[in-house]
Ligand code: BDR
Ligand code: CA
């Protein structure tokens with residue numbers, strides 16, 4: 001039996017690879033993509049999502065356009081964050097061909113609530129964007145958690161940061177939304193933070209293997225990852241030279257093969273107030289708060305397993 005999945009994206013280069021994986025994985029039934037602001041404005045993330053689905057021949061998967069600004073306004077102006085570097089990693093000139101496909105008429109949050117209320121089978125939610133849409137849906141109907149067997153979130157960081165010294169982009173963009181999601185009482189919440197995604201990097205060897213598959217999807221995937229490698233070389237050079245994380249794809253890889261990440265239960269709190277630590281995920285690895293774990297957090301990943309799985313999925317799906 002296939003597993004029903006809803007992917008919430010802000011496409012985005014790594015989102016694009018996540019969409020390919022989710023659409024190709026035979027064990028997953030990608031019901032829809034919902035889009036949020038984040039890597040770009042929500043109009044652009046929606047078009048990019050449609051472009052990828054069209055490229056891979058999955059234009060039948062509906063796309064619902066979501067919210068375009070944070071659930072709660074950011075209470076102060078920031079100094080010293082590096083959000084402006086995003087264009088190098090997620091260029092506006094998106095490397096997939098234009099499309100005639102259009103988003104569905106219904107807004108994403110409305111569709112999420114309606115679908116999760118109506119479903120007779122539990123659904124897996126995979127938000128790999130700011131948690132704006134999910135928090136808004138929960139605010140409309142907190143009981144939608146009952147329809148979700150697992151929520152797998154790309155976001156946060158324990159020992160790293162990519163927007164500030166301690167905050168990761170998806171959480172930093174809308175920390176109040178993240179707080180709503182972490183406190184919503186999901187049956188099982190899996191957090192895939194930077195600590196794990198930076199352990200599953202792709203290198204130029206991996207992109208040349210993809211390129212040798214000779215299909216439009218494989219070529220675009222290789223272009224996208226090479227763009228990321230170039231961007232990381234410039235902005236956040238990695239321990240392994242000429243390599244980059246492909247964050248969002250690791251969440252889908254986990255659904256395909258849970259052994260691709262190492263998870264353990266911890267209590268996670270979201271910093272929503274302090275200007276210095278704004279948007280940080282505070283993972284209580286030493287159980288100092290004595291609070292009951294509310295998440296399974298991935299602090300490690302298996303790069304080889306991830307890359308093999310990705311290569312096979314793109315090779316078989318093309
Ligand atoms: C996350 O932020 C976005 O820029 C990426 O698409 C990913 O979801 C990484 O911090
Ligand atoms: Ca993303």
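Values quoted throughout were computed directly from the atomic coordinates according to the rules given, and no laboratory measurement underlies them. This one's a predicted model, so the numbers in the text were calculated from it and none came from an experiment. Backbone-built Cβ (ideal geometry, glycine too); neighbour counts: all protein chains shown.
The table for this structure:
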read-out: Shape box of the stretch 106-234 [Cα atoms, principal axes, largest first, Å]; value: 46, 37, 25
read-out: Inter-probe distance in nm under a simple model that places probes 7 Å from Cα toward Cβ, at residue 188 and residue 54; value: 3.7
read-out: Inter-probe distance in nm under a simple model that places probes 7 Å from Cα toward Cβ, at residue 312 and residue 72; value: 4.3
read-out: Segment residue 205-residue 269, length gained on full extension (0.36 nm per residue, minus Cα span); value: 19.3 nm
read-out: Fraction of antiparallel bridges per DSSP, the stretch 3-317 only, in percent to nearest 5; value: 30
read-out: Förster radius 35 Å - calculated FRET efficiency between residue 119 and residue 159 (Cβ-Cβ, nearest 0.05); value: 0.40
read-out: Rh (Kirkwood; distinct C-alpha pairs) - the stretch 184-318, Å; value: 16.3
read-out: Computed [θ] at 222 nm, deg cm²/dmol, the chain (DSSP H ≥ 4; -39,500 (n - 2.57); rounded to nearest 500); value: -11000 deg cm²/dmol
read-out: Residue order, fewest to most beta carbons within 10 Å, for 282, 17; value: 282, 17
read-out: Potential lengthening between residue 289 and residue 104 on full extension [0.36 nm per residue; Cα-Cα distance subtracted]; value: 62.2 nm
read-out: Solvent-free Debye scattering, log10 I(q)/I(0), computed from the Cα coordinates of the chain at q = 0.11, 0.12, 0.14 Å⁻¹; value: -0.60, -0.73, -1.04
read-out: Alpha carbon centroid spacing (whole Å) that separates the stretch 1-63 from the stretch 232-300; value: 22
read-out: Computed over the stretch 49-182: relative contact order in percent, which uses C-alpha pairs under 8 Å that are six or more apart; value: 29
read-out: Contact order relative to length of the chain, as percent, for alpha carbon pairs under 8 angstrom and 6 or more apart; value: 20
read-out: Residue order, fewest to most surrounding Cβ atoms within 10 angstrom, among 51, 219; value: 219, 51
